[in-house]
1. About the Cα centre of the range 9-55, how large is the charge dipole given +1 on each Lys and Arg Cβ and -1 on each Asp and Glu Cβ? Please answer in debye to the nearest 20.
2. Multiplying the sequence separation of ARG159 and LEU88 by 0.36 nm and subtracting their Cα-Cα distance, what value in nm do you get?
3. Please list 3J(HN,Hα) in residue order for the range 19-33, calculated via the Karplus relation 6.51 cos²θ - 1.76 cosθ + 1.60 where θ = phi - 60°; whole Hz, with x for glycine and proline.
4. Averaging sequence separations of C-alpha pairs under 8 Å and six or more residues apart, then dividing by the length of the chain, give the relative contact order as a whole percent.
5. If Rh is defined by the Kirkwood formula over all Cα pairs and Rg also comes from Cα, what ratio Rg/Rh do you get for the chain?
6. When a/c reaches 1.5 or more, the comparison of a/b and b/c decides; with that in mind, is the range 1-61 rounded, prolate or oblate per its Cα gyration tensor?
7. Work from the charge dipole of the range 98-193 (Cβ charges, +1 for Lys and Arg, -1 for Asp and Glu, about the Cα centre) and give the residue of GLN162, MET177, ALA106 farthest towards its positive end.
8. Can you sort LYS139, LYS184 by 1.4 Å-probe accessible area, starting with the largest?
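The values are calculated or read from the model by the stated rules, or taken from the named source; none is laboratory data. Computed from a predicted structure; not experimentally measured. Please note: Cβ atoms are built from the backbone with ideal geometry, for glycine as well, and neighbour counts cover all protein chains shown. SASA here: full protein model, heavy atoms, side chains in, ligands and nucleic acids out. Shrake-Rupley method; radii C 1.70, N 1.55, O 1.52, S 1.80 Å.
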Amino acid sequence: MPAVHEHCGGTPDAWRFRDGVLEIVDYKYGHRFVPAFENYQLVAYAAGVLDLLENPTTTEVIFTVVQPRNYDRSGPVRKWRLAYRDLLPYIDHLHNQAHKALSDDAEFVPGPDWCRDCPGRHSCGALEQAAFDACDRAKASLPLELPPASLATELELMRRAQGLLAARVSGLEQQAMAFIREGKSVPGFTIEQ
């Protein structure tokens with residue numbers, strides 16, 4: 001996917017190009033909800049297919065996520081349709097972010113979606129700081145009754161913080177288990193079968 005970065009690669013589960021319409025289909029096996037809308041993995045696949053086809057005349061792009069094991073009210077098949085011209089800013093964003101991430105002054109930006117399964121989450125200073133910030137925010141004194149707009153904002157912030165804390169906790173748990181398996185003592189913790 002050189003339009004994103006020379007080191008970016010991947011293979012869509014299925015794709016087709018016909019009559020100016022590119023469709024990218026991705027099958028998701030797990031239970032965790034995967035949206036089609038603004039799905040950057042699918043955007044990267046589209047960039048790769050368009051490079052492969054040497055930028056054909058494209059008018060529309062359809063992204064489809066098929067996820068039979070996620071029981072969401074929207075159903076197991078989700079689609080995101082957009083005009084080709086509306087896809088280009090997403091590809092540009094991926095390109096810019098990939099180059100920034102691989103630069104010498106790369107910045108770590110924690111987030112629940114990408115930190116949740118990161119193998120380095122136990123030793124990430126940015127995730128640690130975000131988790132500590134979430135702990136501090138949880139101690140803040142707030143009014144008991146919030147108006148609907150404020151409630152919605154705080155609820156979204158708290159869900160994000162909850163995801164960051166869950167990622168940090170699971171990383172620390174994995175590190176603690178590794179220490180215990182090596183015979184090192186982790187005060188207050190044991191592993192049981």
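1. Dipole size: approximately 220 debye.
2. Length gained between ARG159 and LEU88: 22.5 nm.
3. 6, x, 10, 9, 10, 10, 10, 10, 9, 10, 7, x, 8, 5, 4
4. Here the relative contact order equals 17 percent.
5. Rg/Rh: 1.05.
6. oblate
7. MET177
8. The ranking, largest first, comes out as LYS139, LYS184.
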